[in-house]
Amino acid sequence: MKVAITSTGNNLESKLDQRFGRCLFFVIYDSETKGMEFIPNPNKDAEEGAGPASVQLVASRNVQRIISGEFGIKIKSLLDSLKIQMIVLKEPDKSIRELIDMLNQ
Amino acid sequence: MFIIFVVNICSYFMSPRPFRLRKISNPPVISGFKPYGNKKNGSNTESIFLNLEEYEALRLCDYEMLNHHQAAVLMEVSRPTLTRIYARARQKIAEALVKGKQIIIEGGKVFFDSEWFSCKECGCYFNNPEKQEEIKECPLCRSNNFSNYEQKDDESEESLMRCNNICICPACGFEQSHQFGHPCKDEICPRCDKKMVRKGIPHIRSL
């Protein structure tokens with residue numbers, strides 16, 4: 001199963017980004033192959049529509065779950081219709097490595 | 001003349017009330033129907049587009065056997081709007097049956113609803129987009145110490161049933177039981193002489 005995590009940097013020690021649409025990086029983690037991919041977010045400076053554009057980017061990688069601090073108002077209906085699960089984690093100090101360790105438990 | 005001018009100006013500057021999105025609990029399991037065995041002219045490739053909102057109205061009214069008021073509360077639209085959506089759905093399906101057209105279910109301004117859970121182990125919130133499947137563990141920390149996260153303005157099934165047959169005064173909140181055949185708007189509140197409305201319709205949700 002593929003999981004997307006919003007990240008503030010492009011390494012394992014960087015923290016979870018509390019925004020979804022305008023986060024700096026997306027981490028696509030595959031829990032079966034344990035492979036991961038860091039994608040810089042092209043929409044991070046977008047004035048409008050960053051959320052739906054990011055949903056499209058993540059959905060094109062066949063992600064089934066997204067972990068982020070917060071989701072905007074346009075996102076929920078999109079993700080519900082794509083059947084992607086949202087996980088809201090209000091802990092900005094968690095690093096990507098910790099999250100992946102939790103997923104691997 | 002002057003009044004017409006004023007009305008024109010007003011309608012030019014004032015924007016109408018935004019369209020209410022229809023709430024849909026689950027997308028349909030199929031994306032359409034195809035006719036077979038056309039006796040007249042081979043296969044008919046014409047199709048009818050049934051909106052998701054029309055599908056949902058049909059599901060609530062004819063499959064779940066709810067009345068229009070209950071279905072309207074679930075879809076978060078007014079009762080007359082639901083009746084219009086429902087009438088359109090039946091008209092389209094009848095046309096497809098009579099003319100032998102295929103039905104494609106898509107489109108419509110809708111949003112899907114999914115319930116939220118909160119995990120007590122890792123403090124995360126998560127939702128369940130696959131409603132048919134039951135959630136057994138937290139997707140993040142795999143603990144089973146989680147509970148339903150209720151939003152305050154959530155309309156549960158019981159409150160739907162409770163509000164079903166109640167007229168309410170939008171001004172003072174006075175409630176009385178609804179009598180079938182007597183529209184709520186014809187009832188006058190005994191306390192403040194205002195017209196009453198049915199409880200649970202979208203624009204008086206706060207009451």
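Derivation of every value follows stated rules applied to the coordinates shown; laboratory data play no part. These numbers were taken from a predicted model, which means no experiment stands behind them. Neighbour counts are summed over all protein chains in view; Cβ atoms, including those assigned to glycine, are modelled from backbone coordinates with ideal geometry.
Per residue of B:96-108, other chain Cβ atoms within 10 Å of the residue Cβ number 0 on average. From helices alone, the protein assembly as shown scores -8000 deg cm²/dmol at 222 nm; the rule is -39500 (n - 2.57) for each run of n ≥ 4 DSSP H residues, then divide by the residue total.
Using the Cα centre as the reference, give the magnitude of the dipole from point charges on the C-beta atoms of the range B:165-204 (Lys, Arg: +1; Asp, Glu: -1; all else neutral), rounded to the nearest 20 debye.
It works out to roughly 100 debye.
The mean sequence distance of close C-alpha pairs (under 8 Å, at least 6 residues apart), as a share of the length of chain A, puts its relative contact order at 32 percent. Across all directions, the average projected area of the convex hull around the alpha carbons of the protein assembly as shown is 24.8 nm². With 18 Å as the limit on Cα-Cα distance, the pairs of A:Lys74/B:Lys23; A:Lys94/B:Lys120; B:Lys109/B:Lys185; A:Lys76/B:Lys109 that go past it are B:Lys109/B:Lys185. Loop-located GluC sites (Glu not before Pro) across the range A:26-95 with a Cβ neighbour count of 10 or fewer within 10 Å are A:Glu32, A:Glu47, A:Glu48, with loop assigned by DSSP.
Taking loop as defined by DSSP and a crowding limit of 13 other beta carbons within 10 Å, which trypsin sites (Lys or Arg not before Pro) in the range B:22-114 fit?
Details: sites: B:Arg22, B:Lys23, B:Lys39, B:Lys40, B:Arg59, B:Arg84, B:Arg88, B:Arg90, B:Lys92, B:Lys99, B:Lys101, B:Lys109; in loops: B:Lys39, B:Lys40, B:Lys101, B:Lys109.
Hits after loop and neighbour filter: B:Lys39, B:Lys40, B:Lys109.
Take the Cβ-Cβ distance between B:Glu115 and A:Asp45 as r, set R0 to 41 Å, and report the resulting FRET efficiency rounded to the nearest 0.05. Don't skip to the end; give the middle numbers.
Values: r = 34 Å, r/R0 = 0.84.
Efficiency, from the Cβ-Cβ distance: 0.75.
Think of each Lys and Arg Cβ as +1 and each Asp and Glu Cβ as -1; about the Cα centre, that makes the dipole of chain A roughly 220 debye. The chymotrypsin sites (Phe, Trp or Tyr not before Pro) of the range B:10-105 that meet both conditions, a loop assignment by DSSP and at most 13 other Cβ atoms within 10 Å of the site Cβ, are B:Phe19, B:Tyr36.
Just checking the listed ones, A:Gly51, A:Gly69, A:Gly35: in the Gaussian network model of chain A with Cα springs under 10 Å, the one fluctuating most is A:Gly35.
If you take every residue apart from A:Arg22 with its C-beta less than 12 Å away from the C-beta of A:Arg22, what net charge results, scoring Lys and Arg +1 and Asp and Glu -1?
Neighbourhood net charge equals -3.
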